[in-house]
Each structure stands twice: as structure tokens, then as C-alpha cells.
Amino acid sequence: MSSEPVDRLSELPDSLIYHIFSFLPMIDVVRTSNISKRWHKLWYTTPYLNFDDYTVDYNFINSARDFVNRTLILWRGSKILKFEIDFHSKYDGLYYFDFDVWLRFAMVNGVEELYIHVVYADDLIRGDGYDSIEEAYWLIESLYSCSSLKVLSLKGCNLNVDVSLHWDSLKSLTIDGYCLEEGLINGVLAGCPQLEVFILTLREIGEDLSIRSSSLKRLSIDKYICYDGDEPSRDTELRIWTPNLEALSISGVPYSKCLLMDVSSSLTEVTLGFTGCVWFSGNDFLGEILRQILPTIKYVEDVTLSDWCIKALGDMKKKDLLSPFPNVKFLHLNVCFEEHDKIMDLLQIFPELNRLVLQDEMEAGELLNFDAESKVKFETNLPKSFLLQLRRVEFTWSGGDNSIFPLIEIVLKYASKLEKMVFRVKKIVPSNLLVLAQKLLRMLKYSPTTEFIFCEN
């Protein structure tokens with residue numbers, strides 16, 4: 001019997017090795033040549049090329065740009081399934097010639113998924129990135145007619161409004177960049193007849209936006225304000241015509257008017273992640289916007305709400321301006337656990353709730369001196385159907401305070417059919433978990449059959 005060790009890594013099929021490569025930055029793919037003999041040259045033909053200047057070992061190569069150029073010269077594959085350039089550093093225009101060459105290389109080799117991330121999005125938000133929009137990278141015009149593209153993600157890039165798009169095979173598009181004119185967005189959508197996923201991050205000074213597409217199934221709009229000294233316009237409109245839309249997310253600074261037309265029939269998932277800012281503050285302003293949106297999402301089953309939205313809805317409920325949502329089965333709330341009375345008051349408008357996720361917005365801190373056994377006054381006004389359909393509840397929080405206990409107690413007391421209670425702790429501290437476990441033991445009398453699950457988030 002031979003005692004020679006078996007090289008099982010060399011026995012793996014090429015497809016599986018390539019699949020492993022797809023999860024790695026290219027610098028690590030190259031290093032896998034030391035794993036086994038057969039892997040030594042496999043990286044030359046990998047269809048997944050992921051270049052990230054964060055992972056570059058500058059003791060190993062001179063620069064990220066040199067590494068990309070050398071790798072593409074050596075590459076001998078037949079097709080590129082995924083090509084990613086994720087450069088976090090600020091590059092001057094001298095590097096953009098290389099970007100052009102790399103994109104042409106990807107297109108010649110039939111690239112299907114293309115990710116061009118040139119600069120941190122945070123730099124654009126804060127205004128301390130590029131000095132002007134002209135300094136950002138402008139996509140080469142030949143890319144506008146790349147027929148092989150199925151997935152495209154652009155961050156920190158400019159699009160030319162005067163060039164017509166023909167992305168006939170594109171299914172998913174992400175744009176995260178500078179001020180984008182309404183006409184440009186309309187042109188992009190017109191040139192993507194099969195687009196199903198559109199993720200748009202806007203940084204603007206206050207402009208209208210219209211989204212019109214019969215193919216879209218998932219739409220995400222995240223709006224920020226670029227402050228250049230002048231107060232942005234409050235009078236902005238968001239208009240959406242998407243008859244086949246299944247999931248909608250609108251976040252960031254709200255538009256003063258949100259007109260959702262012909263979207264309710266197929267819509268099943270909605271995220272309203274509105275936040276406040278110095279120009280658009282107050283629950284009355286946000287409440288008016290929500291009154292425009294809520295009738296359209298009345299029968300949605302999966303809803304996610306930001307803390308600002310929760311406060312505005314709470315004010316609407318007090319004024320009897322909010323009717324129940326009988327179809328919501330899954331609700332995700334970004335909240336402050338200390339406001340347990342407001343949270344439970346809002347939950348009354350979701351009588352068919354099956355799954356609830358509560359994510360605390362507070363940072364980790366010391367254990368608060370909070371009486372977990374205290375009773376809240378509003379309990380006497382709770383309807384008999386309160387949380388009656390709830391089967392699963394998840395808490396995501398820092399694990400460093402006691403503000404969660406009133407919520408736990410109320411849920412266990414009223415959710416008589418509860419099956420699982422999950423705790424996703426951002427930072428596990430044994431002493432804090434011990435306190436939590438002791439408190440839960442006292443509350444088991446309310447729901448002795450509930451399964452408790454602990455995990456680190």
C-alpha cells in the first residue's frame with residue numbers, strides 16, 4: 001500500500017475551484033497557486049476577476065493598478081462572468097485611462113456582471129471626496145451598448161446624458177454616484193427593457209425623480225442631500241409607474257410628494273426608511289408624505305419602517321388618521337427599545353402579524369436601572385387580538401442595557417401562539433447574557449413553550 005499523501009485538492013473539478021475563486025479578491029486567487037499543482041495555473045483562466053485595492057499587499061506588488069494590468073496580460077480564459085474594480089482610494093484622471101482599458105478588456109471577453117466602484121460613497125455624501133463632478137470617472141461610451149451585461153453596479157461614476165443606452169440583457173442595475181438628472185434616469189430605464197432590479201442612491205440639491213418601467217420587480221431609492229451652502233428645494237416629487245413591482249424601498253431624505261401609480265397589484269414588500277435632516281424635520285411633514293403612500297401599500301405583507309416613520313405613524317394614530325393593515329405578516333421596525341409603550345401601541349394596527357423583527361437604534365452601553373417588572377398603563381386598552389397571530393419575534397440590540405425587558409414581557413404575555421424568540425446580540429457580554437437569562441426564567445410563566453435562541457449578530 002502506498003504511503004504517499006493524496007492531493008485531494010487537485011482532484012476537485014474545475015467548476016468547483018472556479019466557484020471558490022468567485023468569493024476571493026484576485027490577489028488571493030493568485031496566491032492559491034501554492035495550494036496544489038493543478039491549481040498553479042487555474043487562476044489564469046478563472047471567469048471571476050475581482051480587483052480590490054484594499055486587499056493589495058504593497059510588499060508583493062508596486063501598486064493596485066500594476067497588479068490589474070499584469071493579471072489581465074496573463075489571463076487566458078474564454079469568458080468573464082464577473083469583473084469587479086473596487087478602488088477605495090482617490091485617483092486622479094491619469095488612472096482613468098487604465099479604467100477604460102480594463103472595461104474594454106471585460107467587454108471583449110463577454111462580461112456578464114460588471115462592478116465599477118471608484119471611490120467611497122461616504123466621500124461623496126460628506127463632500128470631501130472629489131472637488132467637482134468633472135473629476136469623477138466618466139464611463140466609456142462603448143460600454144453603453146454592451147449586449148452581454150446582465151448585472152451592472154456603478155459607484156462614483158458619471159453617466160453621459162447625451163449618449164443613448166442599449167443594455168438589452170441587463171437584469172440588475174445599481175447606481176450610486178453624483179447628481180443624476182431626471183432625464184438621465186429616464187434614458188437609462190428606456191435602454192433597459194428587461195431590467196428587474198434597480199438600486200439608486202441619489203446625492204442631490206433637490207430635484208424631481210420619475211421611475212417608469214414595466215419590467216421592474218425590485219426598486220430601491222436612497223436619497224441624500226448635497227449641501228453646498230444653499231438650502232435645497234422642499235418642493236420635490238417622486239413619481240413611480242411600475243405595474244409589476246414586487247418590492248419597493250424608499251429611504252433617506254423624503255420627497256415632498258410621493259406619487260405611486262399602478263404599483264399596488266403586485267407589491268408584496270415595502271421599506272420606508274425616511275430620515276430627518278435640518279431642512280425636512282418634524283412628524284407633520286413626514287406624516288403628510290406617509291398619507292400619500294399608505295393607501296398604495298395597504299395590502300402589502302412585508303413592511304420595514306425606520307424610527308422616523310414610526311414616530312410619524314404614532315402621531316397619526318393618536319389623531320385617528322391611521323387605519324389597520326390587515327395583510328401585514330412580517331414587520332421590521334428600527335426603534336429605540338426604551339419607547340416600548342409607543343412600539344406596542346403601533347403594533348395594534350397590524351392584527352395579522354406573524355413575524356416581528358425589532359432592531360434597537362441605541363448604541364451599546366451600561367445596564368440601565370430599569371424595572372423590568374413594571375406594568376405599562378396602556379395595557380388595559382389592548383384589543384383581544386393583540387399579537388394573537390405572532391409566531392416569531394427577533395430582537396437585534398447591543399446587549400448592554402435593560403430596555404429590552406418590558407418588550408419581552410409584553411410579547412410573551414400577549415402572543416399566546418409564539419413559537420420562537422430570537423436574540424441577535426451585537427456584542428455578546430457573558431454578564432449581560434446572564435442577566436437576560438435570569439429575567440427570561442421569571443417570564444416563562446407567560447409562554448412556557450416558546451423556544452429561545454441566542455446568536456451574535
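Summary table
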| item | result |
| --- | --- |
| Whole-percent carbon and sulfur share, accessible surface of segment 300-352, 1.4 Å | 49 |
| Virtual spin-label span in nm between Gln292 and Lys417, 7 Å along Cα→Cβ | 3.8 |
| Karplus (6.51, -1.76, 1.60) ³J(HN,Hα), θ = phi - 60°, over segment 213-221, in Hz, Gly and Pro reported as x | 6, 8, 9, 4, 10, 9, 10, 10, 10 |
| Ranked by how many other beta carbons lie within 10 Å on average, peptides 382-392, 215-225 from highest | 215-225, 382-392 |
| Residue pairs, from the table Lys37/Lys82; Lys37/Lys150; Lys329/Lys426; Lys223/Lys317; Lys171/Lys298, whose Cα atoms sit over 32 Å apart | Lys37/Lys150 |
| Simple label model, 7 Å out from Cα along Cβ direction - Ala437 to Ala190, nm | 6.4 |
| Whole-number accessible area per residue in Å² for segment 387-448, which is evaluated in the context of all protein chains at 1.4 Å | 40 |
| Spin-label pair Asp168/Glu141, simplified geometry with 7 Å Cα→Cβ offset, distance in nm | 2.1 |
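The values are calculated or read from the model by the stated rules, or taken from the named source; none is laboratory data. Just so you know, these numbers come straight off a predicted model, no measurement behind them. Neighbour counts are summed over all protein chains in view; Cβ atoms, including those assigned to glycine, are modelled from backbone coordinates with ideal geometry. In case anyone asks, the SASA skips ligands and DNA or RNA and just uses the protein heavy atoms, side chains included. Shrake-Rupley method; radii C 1.70, N 1.55, O 1.52, S 1.80 Å.
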